Amino acid sequence: PGCITMSFDGREGFYIPWEILDETELDNFFKNRKQIGAQLKYDCSILKRRGFQNVKVHEDIIQLGHTLNEMRLNGLKSLAYYYTMHGGYDFNLDQFIDKYKPKTYLGIPPNVMIDYATKDAILTYQVWVEQQKHLDRLDRDFPPPISGWNTIRNIYENIKIPAVNKYMEMEIHGVYVNPKIWEENAKIVAEKIKDIVANTSELIPIVTGK
């Protein structure tokens, strides 16, 4: 990692070069703290592979953005336009990349990187605050039509976020598989695919040729 940036209020940000960090102290710092990010699973995965124990995806504005509206772009750059007055905050960075084409972000000079990366953290927080209002408004104006159905917030907080953390653990540690059960289910799936293909071919003419 080249740096870590944080914001605790959406107004002030902190840029810390990685080489001056004590990783043990940083891991302890994360303990019992709510962690909000954009594509935070990626960052947490890197830190967990370095031995961090206290990193976790508590909130992710990309996941929440997709939950709120899956028909739009939901990257941080787009969300900054939707939810803040700072759309285009990455203009200087884009100009540098277009001109010099660095191989990695480590090739970006500090004066450009510090401004961009710090604003990343600040705007992630700002976007999250506005998304919470959006989420509350949708659940208020469009409640579940059937009693017992999940609200949008419940789907995001109790289904999507736990799934993100579970997928992260699976990516890092793998998945335990019983070979016998795997083979049995693979045969069942293969048979079902054959049945679907057979039934579909009766309905849809298949044209073959060179």
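Quick rundown of the values:
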| read-out | value |
| --- | --- |
| Choice from GLN53, GLN131, GLN39 showing the highest fluctuation, given a GNM over the chain with Cα pairs closer than 10 Å | GLN53 |
| Helix runs (DSSP H) in the chain reaching 30 Å along axis by Cα, Kyte-Doolittle at least -0.5 | 179-203 |
| Furthest towards positive pole of dipole, PHE14, ILE46, PHE29, structure part the chain, Cβ charges | ILE46 |
| Inverse of mean 1/r across different Cα pairs in the chain, Kirkwood, Å | 20.7 |
| Within the accessible area of the chain (1.4 Å probe), percent carbon and sulfur | 57 |
| Per residue, in Å², the accessible surface of the chain once ligands and nucleic acids are set aside, probe 1.4 Å | 69 |
| Radius 15 Å from Cβ of TYR42, net charge of other residues (Lys, Arg +1; Asp, Glu -1) | -1 |
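The values are calculated or read from the model by the stated rules, or taken from the named source; none is laboratory data. Computed from a predicted model, the values in this text were never measured in an experiment. Because the Cβ atoms are built from the backbone with ideal geometry, glycine has one as well, and the counts that use them run over all protein chains shown. We work out accessible area using only protein heavy atoms, side chains counted, and drop any ligands, DNA or RNA first. Shrake-Rupley method; radii C 1.70, N 1.55, O 1.52, S 1.80 Å.
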